[in-house]
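The values are calculated or read from the model by the stated rules, or taken from the named source; none is laboratory data. Computed from a predicted model, the values in this text were never measured in an experiment. Quick reminder, even Gly has a Cβ in these numbers, built from the backbone with ideal geometry, and neighbours come from all protein chains shown.
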Amino acid sequence: MATMIETKDLTFTYPAEEGREEMPALRNVNLSVEKGSFVVVLGHNGSGKSTLAKHMNAVLLPTGGALYVEGMDTADEAVLLEIRRRVGMVFQNPDNQIVANVVEEDVAFAPENLGIPSDEIRRRVDDALAAVGMENFTRHAPHLLSGGQKQRIAIAGVIAMEPECIVLDEATAMLDPVGRREVLASAHRLNRERGITVVLITHHMPEAVNADRVVVMNDGYLVMDGTPREIFARVGELRAIGLAAPDTVELMDHLNKSGWDLPLEAITVEECADAIYNALAAEEK
Amino acid sequence: MLKDITLGQYFPGHTLAHRLDPRTKLLAVVLYIVALFCAKGVVTYAIVMAALATCILVSRVKLRALTRGLKAVYVIVIFTAVMNMFFTGGTPVADVWLLRHITFEGLRTAVFMVLRIIMLIMGTFLLTYTTSPIALTDGLENALSPLKKLHVPVHELAMMMSIALRFIPTLIEETDKIMSAQKARGADFESGSIFKRAKALVPILVPLFISAFRRADELATAMECRCYHGGDGRTALHVLHYKAADYLVMIGFVVLTVGVIVLARMGF
Ligand SMILES: Nc1ncnc2c1ncn2[C@@H]1O[C@H](COP(=O)(O)OP(=O)(O)OP(=O)(O)O)[C@@H](O)[C@H]1O
Ligand SMILES: [Mg+2]
């Protein structure tokens with residue numbers, strides 16, 4: 001499979017404030033994201049997730065190592081716009097990334113910047129709004145929409161660039177459960193139906209359950225990399241770096257501590273229920 | 001209190017006034033203002049007033065919405081009226097007490113000045129009420145684009161204006177939130193001397209500014225991520241183009257302004 005994003009010993013240090021020691025926010029990160037995959041990045045506050053995300057479309061440039069987007073080096077000024085077009089970014093606060101005060105104008109912002117002709121912009125705007133289920137809000141004022149709707153507009157604004165990859169940096173963090181579900185469903189649909197690579201950064205464990213792959217960051221290091229089942233089975237290690245596994249895994253881990261023998265790979269609620277049922281049935285015998 | 005701010009408010013609609021090209025409307029407003037400032041006598045004022053009334057009727061904007069916009073300036077209006085009444089030389093109205101200082105000429109100028117301010121505000125508000133801020137900034141950018149040759153940053157100014165307009169509701173909402181939070185901690189914004197009240201605003205303004213800067217920073221990053229790189233090579237979703245109605249309206253306003261200037265010269 002082709003790689004979408006590849007990092008080689010990616011290191012980054014923010015310029016330190018006066019009198020403070022410089023601390024790298026990313027240290028020798030080696031990661032390769034395959035085309036069409038759905039990757040979740042986990043990590044506690046300040047572990048370097050946002051810093052990593054901002055490297056993926058050249059908002060930040062590596063201070064050491066390199067990052068390639070489909071083979072293009074982000075440090076190469078000549079391909080900057082092409083990289084930003086291919087990797088769209090959605091941030092946490094929907095209010096601070098909506099530029100225009102009419103939904104369709106906002107979605108049109110990126111294609112306008114790319115110099116695309118008007119009728120093609122029209123087609124892309126309608127297509128992008130349909131892709132996130134917001135086609136009935138074309139002429140609405142964004143500030144009157146719900147958080148989840150605003151965030152879907154922000155996603156549409158990125159889709160209108162026809163990117164190969166979307167990075168969502170805690171895009172669900174400020175939303176209520178309903179909004180969170182809407183945004184997550186949109187991301188999964190874009191990944192499934194259009195083959196867009198998704199990099200989802202989150203604090204919210206259940207969002208990682210349906211991913212193809214989970215990557216865990218800690219203090220600037222990439223510490224774990226695997227399928228959700230592999231990662232969540234390492235409950236102890238996760239806890240040591242300040243992360244909790246999904247409730248299902250935590251529950252089974254607790255039960256295992258009091259003498260049960262449950263498989264920690266059962267990460268969805270149904271699998272967990274089945275595992276406990278089977279264990280109880282075995283006990284009966 | 002914050003709800004009274006009508007600046008940049010737009011009432012969507014489908015009337016002729018809404019459908020006109022924003023550049024036409026900008027030109028019309030400029031011509032209207034010129035006419036208003038050239039008007040001298042009853043006849044010319046009546047003509048400009050009739051033009052304004054026609055525009056209001058065509059746009060179907062409620063008169064109440066227009067008068068609400070006047071609230072912010074009534075102090076200026078009263079001040080102008082009083083100044084003009086007392087400080088214009090001429091024949092006194094009557095030979096008693098204060099009235100001795102009020103002249104007929106003063107009353108006349110006061111009435112005209114007040115009318116002028118009110119009509120000025122109503123006319124410009126009519127523009128913002130019938131034109132979406134985006135269309136307005138697009139129109140401004142387009143109309144002023146010849147100035148780019150003189151290195152005037154027209155695109156940047158238009159972008160700043162449209163972002164400012166976009167953030168007005170967000171910042172108003174935020175101000176309301178901060179005010180409620182401060183009130184919950186016992187802050188008092190409604191009583192005390194003017195100095196005390198001004199001082200009470202500090203705990204609102206400080207967090208508001210900090211948050212505005214943070215927003216600006218995040219917005220700049222988000223815009224960069226969406227390939228924003230200045231005005232060069234930018235296209236637009238809605239391309240502006242004049243229709244027959246635009247030419248008619250422009251001719252109408254040119255006739256209005258020229259007519260008013262000529263009549264005013266003739267002493268009407
Ligand atoms: N603009 C900046 N200037 C200086 N240091 C920064 C800046 N942004 C982040 N850092 C530091 O870099 C480190 C990594 O931050 P980063 O924002 O990438 O973490 P994160 O994993 O996204 O955290 P969170 O979950 O809170 O969003 C932190 O120690 C942070 O203090
Ligand atoms: Mg972050």
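For this structure, a couple of remarks:
- Any hit, segment B:210-232, residues being aromatic (Phe, Trp, Tyr), facing chain A (nearest Cβ under 9 Å), part of a loop (DSSP other than H, G, I, E, B) and buried (at least 17 other Cβ atoms within 10 Å of the Cβ): yes
- Filter pass, A:ARG194 being of a type in the set (D, E, K, R), surrounded by fewer than 23 Cβ atoms within 10 Å (Cβ to Cβ) and within 30 Å of A:GLU112 (Cα to Cα): yes
- Of residues in segment B:159-195 being facing chain A (nearest Cβ under 10 Å) and of a type in the set (D, E, K, R), the one nearest to B:GLY231 (Cα to Cα): B:ARG166
- Any hit, segment B:157-172, residues being surrounded by 14 or more Cβ atoms within 10 Å (Cβ to Cβ) and either more than 28 Å from the chain's Cα centre (by Cα) or among the hydroxyl-bearing types (Ser, Thr, Tyr) (or both): yes
- Enumeration of residues in segment B:128-142 that are assigned to a helix (DSSP H, G or I) and buried (at least 19 other Cβ atoms within 10 Å of the Cβ): B:THR128, B:TYR129, B:THR130, B:PRO133, B:ILE134, B:ALA135, B:LEU136, B:THR137, B:ASP138, B:GLY139, B:GLU141
- Residues of segment B:50-67 that are crowded, with 16+ Cβ neighbours inside 10 Å, modelled with pLDDT of 90 or more and closer than 15 Å to B:LEU120 by Cα: B:ALA51, B:LEU52, B:CYS55, B:ILE56.
- If the condition is being in contact (Cβ under 8 Å) with a residue 40 or more places away in the chain and over 12 Å from B:MET113 (Cβ atoms), then segment B:68-90 contributes B:ARG68, B:GLY69, B:LEU70, B:LYS71, B:ALA72, B:VAL73.
- All of A:ILE196, A:ILE201, A:ILE231, A:ILE153 fail the test of being closer than 23 Å to A:ALA2 by Cα and more than 16 Å from ligand 2 (Cβ to nearest atom), apart from A:ILE196.
- Checked against the criterion of being among the hydrophobic types (A, V, I, L, M, F, W, C), under 20 Å from B:LEU165 (Cα atoms), touching a residue at least 60 places away in the same chain (Cβ under 8 Å) and at the interface with chain B (Cβ under 9 Å from one of its Cβ atoms), segment A:138-156 contains one or more residues that satisfy it.
- For segment A:58-78, the candidate set comprises residues that are of a type outside the set (Asp, Glu) and within 12 Å of chain B (Cβ to nearest Cβ); within that set, the residue that is nearest to ligand 1 (Cβ to nearest atom) is A:LEU60.
- Boolean, A:THR74 is under 21 Å from B:TYR228 (Cα atoms), buried (at least 17 other Cβ atoms within 10 Å of the Cβ) and within 16 Å of ligand 2 (Cβ to nearest atom): no
- In segment A:226-247, the residues that are part of a strand (DSSP E or B) reach residues that are among the aliphatic types (A, V, I, L, M) with C-beta atoms within less than 7 angstrom, at least six apart or across chains, in these pairs: A:GLY226/A:VAL214.
- Residue in segment B:91-107 that is modelled with the lowest pLDDT, counting only those that are surrounded by 10 or more Cβ atoms within 10 Å (Cβ to Cβ) and part of a loop (DSSP other than H, G, I, E, B): B:VAL93
- Residue in segment A:15-57 that is farthest from ligand 1 (Cβ to nearest atom), counting only those that are in contact with an Asp or Glu (Cβ under 6 Å, 6 or more places away or on another chain) and within 14 Å of another protein chain (Cβ to nearest Cβ): A:ALA53
- Sole residue being under 30 Å from A:HIS203 (Cβ atoms) and either buried (at least 24 other Cβ atoms within 10 Å of the Cβ) or within 16 Å of ligand 1 (Cβ to nearest atom) (or both), chosen from A:PHE91, A:PHE137: A:PHE91
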